[in-house]
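> Encoded as structure tokens, here's the structure I'll be asking about.
Readers should treat all values here as calculations from the given coordinates under stated rules, not as data from a laboratory. Remember, predicted model here, so these are calculated numbers, not experimental data. Here Cβ is always computed from backbone atoms with ideal geometry, including for glycine, and neighbour counts include all displayed protein chains.
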């Protein structure tokens, strides 16, 4: 869920507002894996844990489960430590680790490795495959790795259009953009297969959304991404961006106005699963 993009305190403290619960909805689905299910006796790695949304979802279902939560960002780990103390979660430890290098963790340690939106790193084309290889290595035989990746992030186009209206001669920020191939389920499946899971891999589509109790709140929450997507803009330019974004969000193909004034922007994710059974490379005859 977290990479170096979210390494500064401004992002860690506001991460959940900015994402509008979209990653929590995905995490809630991931922890309900059924083969094998997470139980109170499981040992789970919350990999690229961010502020601990996967850990939270595991603890809601299985308060006694043992969890190690790791992230590249020390600020994310600090944020999670506060949540652990405030919620009095037992059996949860944290460490600052990179998904691409989990060498500090022993082979065949975990029953489940869950990585929510954390395997892809911009400007590192090998990051995802290396992350999957590490996940496979540290899983016990009979264990399962679950990872997610975006299929689309509709709201980014609203920021691009707003940026062009404010600075028509400047290319909008591409900090969060990814290659179109990376947004395909076939891409994620190949990473899981090539990372060691071979035949024992599958990818499923999953719908989620960015939501808020009002359109104004949605704009306020999404403007927390301004330091990334409208980097270097003056306060005057940012003030102009708010009404533009408000209008552009309503034009998005997945925008919905709900009862009571609430709103949401639909998004699509992929959830990939890999099973470590020992027969990953067998070829049917």
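> Tell me, what is the Rg over Rh of the range 97-203, with Rh the Kirkwood radius over Cα pairs?
Dividing the radius of gyration by the Kirkwood radius yields 1.09.
> Sticking with this one: Mind checking the angle between helix 235-251 and the chain's longest principal axis? C-alpha axes, 0 to 90 degrees, to the nearest 10.
Taking Cα atoms only, the helix is inclined about 70 degrees.
> If you average the alpha carbon positions of the range 207-232 and of the range 241-267, how far apart do those two centres end up, in angstrom?
Measuring centre to centre over Cα atoms gives 10 Å.
> Could you state the number of Å between the C-alpha centres of the range 41-99 and the range 126-157?
The two parts, judged by their Cα centres, are 17 Å apart.
> Can you compute log10 of I(q)/I(0) for the chain with the Debye formula, treating each Cα as one identical point scatterer, at q = 0.08, 0.12 Å⁻¹?
-0.34, -0.76
> What are the semi-axes of the equivalent ellipsoid for the range 215-275, taken as the square roots of 5 times the Cα gyration tensor eigenvalues, largest first, in whole Å?
On the way: eigenvalues 133, 71, 17 Å².
Semi-axes (√(5λ), whole Å): 26, 19, 9.
> Here's something else I'd like to know. For the residues 22, 49, what sequence is obtained by ranking on other C-beta atoms within 10 Å, fewest first?
22, 49
> Give me the number: length gained by fully extending residue 160 to residue 237, i.e. 0.36 nm times residue separation minus the C-alpha to C-alpha distance, one decimal in nm.
Details: separation 77, 0.36 × 77 = 27.72 nm, distance 1.41 nm.
Taking residue 160 through residue 237 to full extension adds about 26.3 nm, to one decimal.
> For the range 7-93, build the convex hull from the C-alpha positions and give me its volume per residue in Å³.
Each residue corresponds to 82 Å³ of Cα convex hull volume.
> If you don't mind, there's one more thing I want to ask. Against the longest alpha carbon principal axis of the chain, how many degrees, from 0 to 90 and to the nearest 10, is the axis of helix 156-166 turned?
Value to nearest ten degrees: 30.
> Quick one: if the Förster radius is 22 Å, what FRET efficiency do residue 277 and residue 202 give, using the C-beta to C-beta distance and rounding to 0.05?
On the way: r = 13 Å, r/R0 = 0.60.
The pair residue 277/residue 202 has a calculated efficiency of 0.95.
> Quick one: grab Rg to one decimal and Dmax as a whole number for the range 56-105, Cα atoms only, in Å.
Cα only, the range 56-105: 11.3, 30 Å (Rg, Dmax).
> Something else about it: Take the chain, connect every pair of alpha-carbon atoms lying under 10 Å apart with a spring to form a Gaussian network, then pick out the residue of 45, 105, 80 with the largest mean-square fluctuation.
Maximum among the listed residues: 105.
> Here is a follow-up. Gain in length, residue 178 to residue 81, computed as 0.36 nm per residue apart minus the alpha-carbon separation, to one decimal in nm? Show your work: numbers first, answer last.
Values: separation 97, 0.36 × 97 = 34.92 nm, distance 3.08 nm.
In short, 31.8 nm is gained.
> If you take the alpha carbon radius of gyration of the range 1-152 and divide it by 2.2 N^0.38 Å, what ratio comes out, to two decimals?
0.95
> What's the exposure ranking of 96, 126, going from fewest to most Cβ atoms within 10 Å?
Fewest to most other Cβ atoms nearby, the residues stand as 126, 96.
> Using a basic spin-label model with each label point 7 Å from the Cα along Cα→Cβ, how many nm lie between residue 217 and residue 254?
Calculated label separation equals 2.1 nm.
> Ranked by Cβ crowding within 10 angstrom, fewest neighbours first, how are 165, 18 ordered?
Least crowded to most crowded, the residues run 165, 18.
> When N counts the residues of the range 175-285, how does its alpha-carbon radius of gyration compare numerically with 2.2 N^0.38 Å, as a ratio?
The range 175-285 yields a ratio of 1.52.
> On a 0 to 90 degree scale, rounded to 10, what angle separates helix 74-87 from the longest Cα axis of the chain?
For helix 74-87, the angle is close to 80 degrees.
> Before anything else, pin down the relative contact order of the chain: Cα pairs under 8 Å, at least 6 apart, normalised by residue count, whole percent.
After rounding, I find 21 percent.
> Now a separate question. Suppose we take every Cα in the range 146-206 and form the convex hull; what volume per residue is that in Å³?
Cα convex hull per residue, to the nearest whole number: 88 Å³.
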